[in-house]
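Report on the following structure.
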Amino acid sequence: MLSACSSCKKEKGNPAISGYDDIRESYKMLPSEQQTVIDAVYRWNAAHDTLSLDSLENFYSDPVLFFKKRIPRKSVIDTKKYKIRHAIAYKERIIGRIGIYASDTGDYKCEFLKLVTINNRPNVYHSYLVFKRQVDSTWRIIVESDKEADMQPELVPLFQKFEESESLSSGDFNGDGTKEDLIVIKPEKDTSGKYHSTETKISFTNLNLPEIVLPNCVGVNVLNENDVDGDGSDDFSIVIKKPDGNVGDVILYSFKRGRWIELAKFKAPSDEVFASRQNLIEFAGSGNIKIRTLEKTPDSRDTLVIKMISTW
């Protein structure tokens, strides 16, 4: 828990907070409550550089306003675990002093420069955390973000339940009886929050399956649709996230005769673009599928249309 400074003394062996006793001296003039919160920031930072990532759970309230999105604490931890464990090398370090500011409600905002080095590529962020005292007198994080992210325009996606996939789908996509994993490689952002490119790639652990390149796309939601066209191999659908934040374009892929075929490409209704897809794509027998798509009426209104498509 985040209620005592003494725990930091026990962590001298952790290189992320080595020499912290010297740093603590510079905060001795602050009220003890603020010293406790600053101790929590250093221990939170150190937890990112250890194998005990589960300990991060002790630092957060539930839910958390995480980079402008209110999400469950578990989702925050899972996001950090994936990012750290999939990096060849990962390190976070606080640069300089931590500024601490009290609010009228008794919360504390801590601002600091954070040097994040991923795979030997360093970036500096103007980070901040907001701590709130809990009923058990511990301090937990209720807000985490950085000024770089806050400066980006708020992108309001069409579908609030859309979640980008990292590598969440597997299946027998070529019908050989062995499952392969699907890997999403989306573009990274620079220190200003801009994407290095607007191209997303989908690769597979079976190297005999060719890579799919998606232009004007910065992330996808993937779903194994099983054998939707009845050809003996699994098919999968993706929902594309565009650089402007909009989602809703759906592509259904099937592997046929050594290459990927787009069985269907359409715009989905706003309430049917999340992981389960709500039977957006259905097998209709004899090589046919049914899709539920949006089309424009002559007066430019969206209307739901059910279409039958032959996959032969």
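The values are calculated or read from the model by the stated rules, or taken from the named source; none is laboratory data. What you see is a predicted model; the values in this text were computed from it and never measured. We place every Cβ from the backbone using ideal geometry, glycine too, and count neighbours over all the protein chains shown.
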Please verify whether GLU282 is touching a Leu at 6+ places or on another chain (Cβ under 7 Å), touching a residue at least 12 places away in the same chain (Cβ under 8 Å) and not aromatic (Phe, Trp, Tyr), treating the condition exactly as stated. no
Can you find a residue in the stretch 277-291 that is crowded, with 21+ Cβ neighbours inside 10 Å and closer than 30 Å to GLY193 by Cβ? no
Pull up the stretch 49-91, narrow it to residues that are of a type in the set (Gly, Ala, Ser) and part of a loop (DSSP other than H, G, I, E, B), then point me to the one that is nearest to the chain's Cα centre (by Cα). ALA87
(1) aromatic (Phe, Trp, Tyr); (2) touching a residue at least 24 places away in the same chain (Cβ under 8 Å); (3) under 17 Å from ASP150 (Cβ atoms): which one isn't true of TYR128, the others all being true? (2)
Test set (1) within 27 Å of GLU148 (Cα to Cα); (2) surrounded by fewer than 21 Cβ atoms within 10 Å (Cβ to Cβ); (3) modelled with pLDDT of 85 or more - GLY193 fails condition number: (3)
Is it the case, given these coordinates, that ALA16 is modelled with pLDDT under 70 and in a loop (DSSP other than H, G, I, E, B)? no
Answer yes if at least one residue in the stretch 269-276 is in contact with a helix residue (DSSP H, G or I) (Cβ under 8 Å, 6 or more places away or on another chain) and buried (at least 16 other Cβ atoms within 10 Å of the Cβ), and no otherwise. yes
Filter result for the condition that a residue is of a type in the set (Asp, Glu) and modelled with pLDDT under 90, over GLU144, GLU211, GLU199, GLU163: GLU163
Find the strands (runs of 3 or more DSSP E) located wholly in the stretch 209-312 whose residues include 1 or more that are closer than 18 Å to SER170 by Cβ and of a type in the set (A, V, I, L, M), and list them. 212-215, 219-226, 235-241, 247-256
Considering residues of the stretch 235-262 that are more than 20 Å from ASP181 (Cβ to Cβ) and among the acidic types (Asp, Glu) only, the residue surrounded by the most Cβ atoms within 10 Å (Cβ to Cβ): ASP249
Applying the selection to the stretch 238-263, what residues are within 23 Å of ASN206 (Cβ to Cβ) and among the small types (Gly, Ala, Ser)? SER254, GLY258
Within the stretch 110-132, the residues that are touching a helix residue (DSSP H, G or I) at 6+ places or on another chain (Cβ under 9 Å) and modelled with pLDDT of 90 or more are CYS110, GLU111, PHE112, LYS114, TYR125, HIS126, SER127, TYR128, LEU129, PHE131
The lone condition ILE88 fails out of (1) loosely packed, with under 13 Cβ neighbours inside 10 Å; (2) β-branched (Val, Ile, Thr); (3) in contact with a strand residue (DSSP E or B) (Cβ under 7 Å, 6 or more places away or on another chain) is (3)
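Each row is one residue, and each column tells you yes or no for (1) crowded, with 16+ Cβ neighbours inside 10 Å; (2) without any contact (Cβ under 8 Å) to a residue 60 or more places away in the chain; (3) of a type in the set (Gly, Ala, Ser).
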position	(1), (2), (3)
ALA46	yes, yes, yes
ASP49	yes, yes, no
SER55	no, yes, yes
PRO63	no, yes, no
ILE77	yes, yes, no
ILE98	yes, no, no
The one condition in (1) surrounded by 14 or more Cβ atoms within 10 Å (Cβ to Cβ); (2) among the charged types (D, E, K, R); (3) modelled with pLDDT under 85 that ASP107 fails to fulfil: (3)
